[in-house]
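Student: Here it is: the structure, laid out below.
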Amino acid sequence: MEWETVIGLEIHAQLSTRSKLFSGSSTEYGQEPNTQANVVDLAMPGVLPVLNREAVRMATMFGLAIDAPIGRGNVFARKNYFYPDLPQGYQISQFDKPIVELGHIDITLESGETKRIGVTRAHLEQDAGKSLHKDYAGMTGIDLNRSGTPLLEIVSEPDMRSAKEAVAYMKKIHELVQYLGINDGNLQEGSFRCDANVSVRPKGQKEFGTRAELKNINSFRFVERAINYEVERQIDLLEEGGEVVQETRLYDPDKNETRSMRSKEEANDYRYFPDPDLLPVEITDEFIEEVRAALPELPAAKYQRFIEKYELSDYDAGVLTASRAVADYFESVATGSGEYKLSANWVIGELSSHLNNDDLDISQSPLNADMLTGLIQRIADKTISGKIAKEVFQALWDGEGKTADEIIENKGLKQITDSGAIEAMIDEIIANNAAQVEQYRSGKEKVFGFFVGQVMKASKGKANPAQVNEILKQKLSA
Amino acid sequence: MINKSLKELKEGLASGEFSSVELTRFFLERIKQFNDDLNAFISVTEEQALAMAKAADQQIAAGNAGKLTGIPMAHKDLFCTDGVLTTCGSRMLENFIAPYDATVVEKLNAAGMPMLGKTNMDEFAMGSSNENSYFGAVKNPWDLERVPGGSSGGSAAAVAARLTPVATGTDTGGSIRQPASFSGVTGIKPTYGRVSRYGMVAYASSLDQGGAFGASAEDCALLLEAMSGFDERDSTSVDVAVPDFSAHLNEPLQGLRIGLPKEYFEEGLDSGVAAVIETALQQYKKLGAEIIDISLPNTHLAIPAYYVVAPAEASSNLSRFDGVRYGYRCEDPKDLTDMYMRSRGEGFGAEVKRRIMTGTYALSAGYYDAYYLKAQKIRRLISDDFKQAFKQVDVIMGPVAPETAFKIGEKSDDPISMYLSDIYTIALNLAGLPGMSVPAGTSNNMPVGLQIIGNYFEEAKMLNLAHQYQQATDWHRQTPASFSGEQ
Amino acid sequence: MSLTADEVKKIAYLARISIQEENIEQYSQDLSSIFGLVEQMNAAATDDIEPMAHPQHAMQRLRDDVVTETTDIEHREKLMSNAPARQDGLFLVPKVLD
Ligand SMILES: [Mg+2]
Ligand SMILES: [Zn+2]
């Protein structure tokens, strides 16, 4: 039988607010345990929540970016369950009236086609604290620093049909929230997390199969692997005449398998009801227009603009707008140097491969945009050749100087464009290599490369290649 | 000293007749003398009270005294008090030292009122008799075999026996008005949102409201004014100006329209109580008011709706008591679930567990619409009843409770009959309206309170009505015989 | 309206409240009579009535995104001083398995 995979994702994106969703505690990561948790975050008796305006604004930005209606009177509800990292005994979340309603986002498939994925909803909610499983005299330690950090839970429609599509969607959302500046995109620190609902059904069948929920997968690679594993498991199970049970499963990246989380299975009755400590959140037209006006350029618009303004190929524009940081970097270099194509080539080529090799993010690049701009200007004005430029780039990367000019100066890499000097070098080489001159003149034009190599060697690569070619041709055919 | 109004106490302090330290010591002595009989206080904070009194005396001497500087008071033991035991009448919080002050506590501290201690209450404010306290029942100063009402029974009894001039309380379904009625003191529950709930341990968040107990409306006006006001830490606190409640006490009642809901005088109302209310209404007529018969047709639905809304909210509010960060944890939990189950099973008393389970059930899958949503619709009907009524009248009056204080133990085995005794008070909480109880006479030698229900934010008018009545009568001046003697 | 022993046990578990086997019957009676009282609501027609979640008709007030509190180690000590079990700035609970 042929099977079809159906995938829906729930993404939890931490919003980059300074303070928590309902308290004035800092959201800063990596602090001493329980030093970012005040009486509200610790759910002391008698405390009350007050909503952070910035979280509302950020959620609204997201809604506008995916073309979704904004819940004009969205409501916070309590999701009740007991867990030691959930101090209130309930999570303040949104249930039947979320802030972001049905929207959509387009992903690009491997075939190059575009596919529209529905975003069912996105809602604001509190993050939980952390359970530390290191052994504390046989007990578990609870750190509530993360408790109450604002999350935007982004729920997709079950529109994805393969692990690859799921990853493409996840990357697209990841890219979008960073574009909007509402999430730091840090998967390792858990700022961007994903749960996947996976089911399979015989191809052509309308009804969905029973789904399993894969919890907390924190890398793009693992999402793909976890889904593929789970799909195979479900197909095997069905083909052997078994049944898929609706359950929560945990992906184990070490073993590359998913396994049932029985502990969370028992009695999932969250008893949602409107939080009586909070009132409906009013979103006015004015507020929406204010947010819309301040919305940064979104990836699709930026992509179009890059093609038009910088005359980039579709491919280059795609690569350069894949993240806002890369796009901003490129744009700064391109406008600074005025050399659009050259800038694109250097960002996509030399810079990206260096970043990849050292496993660095563009924000961590030893070469900032100004430094690369300086380098490109020297290529453009022919102070150095492209080949020498790579040497200068490496030197800048290694911290040997702060500007391209400084490196060029210190290392004496300035291109030789004085035709007298080049002529002198060529004359000497011609004089010393009579045999090769003879070969060339008798029609063996391949030897030309030998002469170019000799001149570049003699000039330590600094001779202007175009001039070298021209003068060589003249002299050899004389 | 014990019959002095707050105004007179302020005059005494200002003239140097006595100092705040002397005044505070006087009430601390009374607590020492009588608390064993009444069990009205869970903690007495003598040292802090005297330190605050000393500071108040300095302020008075420096000429910086406010309206209440130096006058001692007591807090119901569910207002969080920084560094002081805050138990909510529960074994769960038997050893809980609050790490912060409730807004109300902060405000009364700032007003310079020495805190004598924390008063006993039904556990987590759930009860109408004060028998549901882990720290034992409170006794009614008028008859030690009877209950003082609840859940703010400790505050009501303490003011009735003049162990403190005034006290705070909270009212979720009648918990200020009913004990005020049973104990013969004046009590006011303001409009929902008037007093900040921050730091007031939640029972049912959409119903809870802090308020004041005093010997008179005039005293309540002063205390309530100091407690009230917008608080940015409480999203449900209302940003409206707090009027000077005392400034309106003497306005004439000529032409005032008082609504009398016929549903408050139907079967179940004790005839002695009915007679007291009738007499009080005659008094209001004499004062120039007009009595108008009205109907609140959904009154009978208030208790059923309340016993969904309040337990539902409570079941969630009380989930934080899990034995992890504070509060009772059972001995040797064998695993996490065992810790939760036994800590809560052993830490909460019977009534609290009953209400948590009621609320859990009402919200559980498959029942939400039938119970919770239905109750919210009933809530709208009840609120609309009052809206209609206030188109015809300025205030509504009636009894606070169907009867006077009952005997300790009389109803404790029958939760339903206990619940039914809140028939006249609960509807207000569902609507969020202000209400008060004013001593209006006795039936079988026990006090009877007259209930005054105002429209939203009309506390000044209610206090004015109560004060005018108290100028014409002296029920509020009576004190229970065993506690009336000066030492 | 009558709750079975199993329903009582299920609710008690959802609410994480241990109850003794011998008290289940009492709970079942108490809850049954409470819901008997509650079901008096059914007499009222409420089809067209808008549910009222809160006595206030106002909308939620929003706070500025400002860090108003910092919890240093000393303040943490105060906030954690009521904890039944703690170590190294952490609250301790019986082993969490998942
Ligand atoms: Mg979810
Ligand atoms: Zn979530």
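The values are calculated or read from the model by the stated rules, or taken from the named source; none is laboratory data. All figures in this text were calculated on a predicted structure; none of them were measured in a lab. Note: ideal-geometry Cβ built from the backbone for every residue, glycine included; neighbour counts use all protein chains shown.
Student: Do you know which residues across the range A:289-306 are surrounded by fewer than 16 Cβ atoms within 10 Å (Cβ to Cβ), in contact with a helix residue (DSSP H, G or I) (Cβ under 7 Å, 6 or more places away or on another chain) and part of a helix (DSSP H, G or I)?
Tutor: If the condition is that a residue be surrounded by fewer than 16 Cβ atoms within 10 Å (Cβ to Cβ), in contact with a helix residue (DSSP H, G or I) (Cβ under 7 Å, 6 or more places away or on another chain) and part of a helix (DSSP H, G or I), then A:R292 is the only one that fits.
Student: I need the full set of residues from the range A:27-58 which are crowded, with 23+ Cβ neighbours inside 10 Å and in a strand (DSSP E or B), in order please.
Tutor: Across the range A:27-58, the qualifying residue is only A:N52.
Student: If we scan the range B:320-333, do we find a residue that is closer than 23 Å to B:A431 by Cα, outside any helix (DSSP H, G or I), more than 7 Å from every other protein chain (Cβ to nearest Cβ) and charged (D, E, K, R)?
Tutor: Residues of the range B:320-333 closer than 23 Å to B:A431 by Cα: none.
Scanning the range B:320-333, I find no residue that is closer than 23 Å to B:A431 by Cα, outside any helix (DSSP H, G or I), more than 7 Å from every other protein chain (Cβ to nearest Cβ) and charged (D, E, K, R), so the answer is no.
Student: While we're on this one: Hey, any hits in the range A:49-60 for a residue that's within 16 Å of ligand 2 (Cβ to nearest atom) and more than 10 Å from chain C (Cβ to nearest Cβ)?
Tutor: Yes: one or more hits.
Student: Quick one: in the range A:1-20, which of the residues that are within 16 Å of ligand 1 (Cβ to nearest atom) and surrounded by fewer than 23 Cβ atoms within 10 Å (Cβ to Cβ) is farthest from A:G118 (Cα to Cα)?
Tutor: Top of the filtered list is A:H12.
Student: Considering only the range C:30-53, I want to know if a residue exists there that is more than 10 Å from chain B (Cβ to nearest Cβ) and either assigned to a loop (DSSP other than H, G, I, E, B) or without any contact (Cβ under 8 Å) to a residue 60 or more places away in the chain (or both).
Tutor: In the first step, residues of the range C:30-53 are kept if they are more than 10 Å from chain B (Cβ to nearest Cβ); the result is C:32.
Filter once more, so that each one left must be either assigned to a loop (DSSP other than H, G, I, E, B) or without any contact (Cβ under 8 Å) to a residue 60 or more places away in the chain (or both): C:32.
Yes: the range C:30-53 contains one or more residues that are more than 10 Å from chain B (Cβ to nearest Cβ) and either assigned to a loop (DSSP other than H, G, I, E, B) or without any contact (Cβ under 8 Å) to a residue 60 or more places away in the chain (or both).
Student: Exactly one condition in (1) within 15 Å of ligand 2 (Cβ to nearest atom); (2) over 21 Å from A:L279 (Cα atoms); (3) within 11 Å of another protein chain (Cβ to nearest Cβ) is false for A:K79; which is it?
Tutor: Going through (1) within 15 Å of ligand 2 (Cβ to nearest atom); (2) over 21 Å from A:L279 (Cα atoms); (3) within 11 Å of another protein chain (Cβ to nearest Cβ) one by one, A:K79 breaks only (2).
Student: Test B:R257 against the criterion of being in contact (Cβ under 8 Å) with a residue 12 or more places away in the chain and within 14 Å of another protein chain (Cβ to nearest Cβ), and give yes or no. Give the steps one after another, and end with the answer.
Tutor: Values: in contact (Cβ under 8 Å) with a residue 12 or more places away in the chain: yes; within 14 Å of another protein chain (Cβ to nearest Cβ): no.
Against the criterion (in contact (Cβ under 8 Å) with a residue 12 or more places away in the chain and within 14 Å of another protein chain (Cβ to nearest Cβ)), B:R257 does not qualify.
Student: Now for a separate question. Take the range A:309-328 and flag every residue that is among the β-branched types (V, I, T), in a helix (DSSP H, G or I) and more than 16 Å from A:L342 (Cβ to Cβ). If you could, list the steps in order and put the result at the bottom.
Tutor: If we filter the range A:309-328 for residues that are among the β-branched types (V, I, T), which is where we start, we get A:319, A:321, A:326.
Adding the requirement that they be in a helix (DSSP H, G or I) leaves A:319, A:326.
Passing the criteria: only A:V326.
Student: Please determine, by comparing only the residues of the range A:188-204 that are more than 16 Å from ligand 1 (Cβ to nearest atom) and crowded, with 19+ Cβ neighbours inside 10 Å, which one is farthest from the other protein chains (Cβ to nearest Cβ).
Tutor: The qualifying residue farthest from the other protein chains (Cβ to nearest Cβ) is A:V200.
Student: Got at least one residue in the range A:59-73 being within 16 Å of ligand 1 (Cβ to nearest atom) and either surrounded by fewer than 22 Cβ atoms within 10 Å (Cβ to Cβ) or of a type in the set (A, V, I, L, M) (or both)? Walk me through it before giving the result.
Tutor: Quick first cut of the range A:59-73, residues within 16 Å of ligand 1 (Cβ to nearest atom) only: A:59.
If we keep only those that are either surrounded by fewer than 22 Cβ atoms within 10 Å (Cβ to Cβ) or of a type in the set (A, V, I, L, M) (or both) too, we end up with A:59.
Yes: the range A:59-73 contains one or more residues that are within 16 Å of ligand 1 (Cβ to nearest atom) and either surrounded by fewer than 22 Cβ atoms within 10 Å (Cβ to Cβ) or of a type in the set (A, V, I, L, M) (or both).
Student: Checking the structure you have, find out if any residue of the range B:157-170 is at pLDDT 95 or above, within 14 Å of another protein chain (Cβ to nearest Cβ) and assigned to a loop (DSSP other than H, G, I, E, B).
Tutor: no
Student: Taking the range A:21-30 as the search range and keeping residues that are touching a residue at least 60 places away in the same chain (Cβ under 8 Å) and more than 25 Å from the chain's Cα centre (by Cα), which one is nearest to ligand 1 (Cβ to nearest atom)?
Tutor: If we take residues in the range A:21-30 being touching a residue at least 60 places away in the same chain (Cβ under 8 Å) and more than 25 Å from the chain's Cα centre (by Cα), then A:F22 is nearest to ligand 1 (Cβ to nearest atom).
Student: Would you say A:E153 is within 15 Å of ligand 1 (Cβ to nearest atom), closer than 22 Å to A:N216 by Cβ and touching a residue at least 12 places away in the same chain (Cβ under 8 Å)?
Tutor: yes
Student: Now for a different question. Is one or more of the residues making up the range C:11-29 under 18 Å from the mean Cα position of the chain (by Cα), within 7 Å of chain B (Cβ to nearest Cβ), part of a loop (DSSP other than H, G, I, E, B) and among the small types (G, A, S)?
Tutor: yes
Student: Which residue is nearest to the chain's Cα centre (by Cα), if the candidates are limited to the range B:349-365 and must be within 11 Å of chain C (Cβ to nearest Cβ) and in a loop (DSSP other than H, G, I, E, B)?
Tutor: Among those that are within 11 Å of chain C (Cβ to nearest Cβ) and in a loop (DSSP other than H, G, I, E, B), it is B:S364.
Student: Something else: Is it true that some residue in the range B:313-326 is touching a residue at least 24 places away in the same chain (Cβ under 8 Å), exposed (fewer than 14 other Cβ atoms within 10 Å of the Cβ) and acidic (D, E)?
Tutor: No - not one qualifying residue is present in the range B:313-326.
Student: Got a number for residues in the range B:401-454 being modelled with pLDDT under 95, under 18 Å from the mean Cα position of the chain (by Cα) and among the small types (G, A, S)?
Tutor: Count: 1.
Student: Within the range A:31-48, restricting attention to residues that are more than 7 Å from every other protein chain (Cβ to nearest Cβ) and under 32 Å from the mean Cα position of the chain (by Cα), which residue is nearest to A:Y179 (Cα to Cα)?
Tutor: A:Q31
Student: Do we find that B:A440 is among the small types (G, A, S), closer than 20 Å to B:K262 by Cα and in contact with a helix residue (DSSP H, G or I) (Cβ under 7 Å, 6 or more places away or on another chain) in this structure? Before the answer, list the steps.
Tutor: Working: among the small types (G, A, S): yes; closer than 20 Å to B:K262 by Cα: yes; in contact with a helix residue (DSSP H, G or I) (Cβ under 7 Å, 6 or more places away or on another chain): yes.
Against the criterion (among the small types (G, A, S), closer than 20 Å to B:K262 by Cα and in contact with a helix residue (DSSP H, G or I) (Cβ under 7 Å, 6 or more places away or on another chain)), B:A440 qualifies.
Student: Residue check, B:S343 against (1) out of contact with any Gly (no Cβ under 7 Å at 6 or more places or on another chain); (2) more than 30 Å from B:D293 (Cβ to Cβ); (3) part of a helix (DSSP H, G or I), all met but one. Which one?
Tutor: Going through (1) out of contact with any Gly (no Cβ under 7 Å at 6 or more places or on another chain); (2) more than 30 Å from B:D293 (Cβ to Cβ); (3) part of a helix (DSSP H, G or I) one by one, B:S343 breaks only (1).
Student: Would you confirm whether or not the range C:74-95 contains a residue that is more than 8 Å from chain B (Cβ to nearest Cβ) and under 30 Å from B:A427 (Cβ atoms)?
Tutor: No, every residue in the range C:74-95 fails to be more than 8 Å from chain B (Cβ to nearest Cβ) and under 30 Å from B:A427 (Cβ atoms).
Student: Restricting to the range B:131-149, name every residue that is closer than 23 Å to B:V201 by Cα and either modelled with pLDDT under 95 or surrounded by fewer than 24 Cβ atoms within 10 Å (Cβ to Cβ) (or both).
Tutor: Selection gives B:E131, B:Y134, B:F135, B:G136, B:A137.
Student: So how many residues does the range A:147-158 have that are surrounded by 21 or more Cβ atoms within 10 Å (Cβ to Cβ) and either within 17 Å of A:G30 (Cβ to Cβ) or acidic (D, E) (or both)?
Tutor: 3
Student: Taking B:A310 as the residue in question, decide whether it is out of contact with any Ser or Thr (no Cβ under 9 Å at 6 or more places or on another chain), surrounded by 21 or more Cβ atoms within 10 Å (Cβ to Cβ), of a type in the set (G, A, S) and touching a residue at least 40 places away in the same chain (Cβ under 8 Å).
Tutor: Here the answer is no, as B:A310 does not meet what is asked.
Student: Tell me which helices (runs of 4 or more DSSP H) are completely within the range B:1-80 and hold 3 or more residues being more than 24 Å from B:F245 (Cα to Cα), under 23 Å from the mean Cα position of the chain (by Cα) and not hydroxyl-bearing (S, T, Y), or say none if there are none.
Tutor: By residue number, B:20-38.
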